[in-house]
Amino acid sequence: MKLFKKIILSILCVLALLIISAVIFENVVTSQNNAYKGDYKSILTINETNAKKALVVYQPGKSADCKEIADKIAKGLHEAGFEVTLTYPGKHLSQDVQSYSVLVFGSPTYFAHTSKQINRSVSNMTGFSDQKVVLYALGNLNESPELDILEKLLNDKLAYKKLKFITDVKENNQTAYYLGKNIEKE
C-alpha cells in the first residue's frame with residue numbers, strides 16, 4: 001500500500017511540474033509577442049497631391065515573417081497608387097483613421113492570441129467609415145479564432161478581409177503583395 005501511495009504521489013508531482021512548466025513557457029512566449037517594439041514608422045510616398053492613403057500596422061514577431069508580410073502588403077498598396085504608412089502599434093499611433101482608405105492590422109499569434117499591442121491599437125481607433133479594413137495573423141495553425149476576436153475590437157466595423165498566414169509557407173509574400181496590389185479591384 002505504501003508503494004502505491006508513493007507511485008501516485010510521484011505521478012502527481014510530475015504532472016504538477018509539467019503544468020507549471022507549460023504555464024511558464026506560455027508566459028515567456030506571449031510576453032515577447034506583447035512587448036512594445038518602439039515608434040517605428042516608414043512612409044512610402046506618392047507624387048500625387050490627392051493620393052489615397054493606406055495604414056499598415058503590424059506587431060513584429062520573433063521571426064521576420066510578420067514584417068515581410070507587412071512589407072509586401074505595403075509594396076502592393078504603393079504600386080496600386082497608395083501613399084502607405086507602415087508602423088508598429090503603440091501610443092505614437094494616431095487613433096483617428098479618417099484620412100486612410102485602407103487599414104491593415106497584422107500580428108503573429110502565439111497560443112491563438114494576437115499581440116496585446118495590436119489589440120489595443122485596433123480597439124482605440126476612431127473615425128471608421130468606408131475604409132477597407134484588412135486583418136491578418138501569422139501562426140502555425142489553420143484555424144483562425146484570433147481574427148474573429150480582433151474583428152470584434154473594430155467597434156462594429158466588419159473587416160473587409162481576414163487572412164491567416166501559416167508560418168514558413170513560401171507563398172505568403174506573394175499572397176500579401178497581391179492583396180495590396182489588387183485591393184482596389186475587388
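Where is the GNM fluctuation largest for the chain (alpha-carbon springs, 10 angstrom cutoff): Thr87, Thr109, Thr175?
Thr175
Divide by every residue of the chain the summed helix terms, -39500 (n - 2.57) for each DSSP H run of at least 4, and state the resulting mean residue ellipticity at 222 nm, rounded to the nearest 500 deg cm²/dmol.
Taken over the chain, the calculation gives -13000 deg cm²/dmol.
So which lysines pass the test for Lys52, namely a Cα distance under 22 Å, with those fewer than 8 places away in the same chain ruled out?
Straight-line reach from Lys52, under 22 Å: Lys41, Lys72, Lys75, Lys132, Lys157, Lys161, Lys162, Lys181, Lys185.
From the phi of every residue in region 121-135, what ³J(HN,Hα) in whole Hz does the Karplus formula 6.51 cos²θ - 1.76 cosθ + 1.60 yield, where θ is phi - 60° and glycine or proline is x?
In residue order, the calculated couplings are 5, 5, 5, 8, 5, 10, x, 5, 9, 9, 5, 8, 10, 10, 10 Hz.
With a Förster radius of 41 Å, plug the Cβ-Cβ distance of Asn182 and Phe111 into 1/(1 + (r/R0)^6) and report the FRET value to the nearest 0.05.
For R0 = 41 Å, the calculated efficiency reads 0.80.
PRE reach from Phe128 (point 7 Å along Cα→Cβ): which of region 165-186 fall under 18 Å by backbone N?
Counting only backbone N, you get no residues.
Cross-link candidates for Lys164: which aspartates and glutamates have Cα within less than 12 Å, leaving aside residues fewer than 8 places away along the same chain?
Glu143, Glu146, Asp148
Quick note: the coordinates plus some simple rules give every number you see, no bench work behind them. Just so it is clear, the model here is predicted, and its values are computed rather than measured. With ideal geometry, Cβ positions are generated from the backbone for all residues, glycine too; neighbour counts draw on all protein chains shown.
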